[in-house]
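Just so you know, all these numbers are worked out from the coordinates, no wet-lab data involved. All of these numbers come straight from a predicted model, not from anything done at the bench. As a convention, Cβ positions derive from the backbone with ideal geometry for all residues, glycine included, and neighbour counts pool all protein chains shown.
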Amino acid sequence: MNESADAASGRTAFIPMRDIEYDPREESAYECFECGTIVRVEDYPESCPDCGGSMRNRQTTFE
């Protein structure tokens, strides 16, 4: 849950999380966990084209 502190009042406001819009027909950006290379492709890349490392969709959070 996201929180934002209101310094003047000492209260904490909760900001709702919003899901991203996803269209599987569009290209997505994937980032390599090892070297940081970013590629834009339509299908999930099995490995990084530069170092062979694991890739993640950049629209996916680490949480």
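List of remarks:
- Local electrostatic count at Arg40 - Lys and Arg +1, Asp and Glu -1, tallied over other residues with Cβ under 11 Å: -3
- For the range 24-63, the Cα-based Rg and Dmax, in that order, read 9.6, 27 Å.
- Cut-off 13 Å between beta-carbons: net charge of the residues surrounding Gly53, Lys and Arg +1, Asp and Glu -1: -3
- The modelled label-to-label distance between Ser54 and Phe33, using points 7 Å beyond Cα along the C-beta direction, is 0.2 nm.
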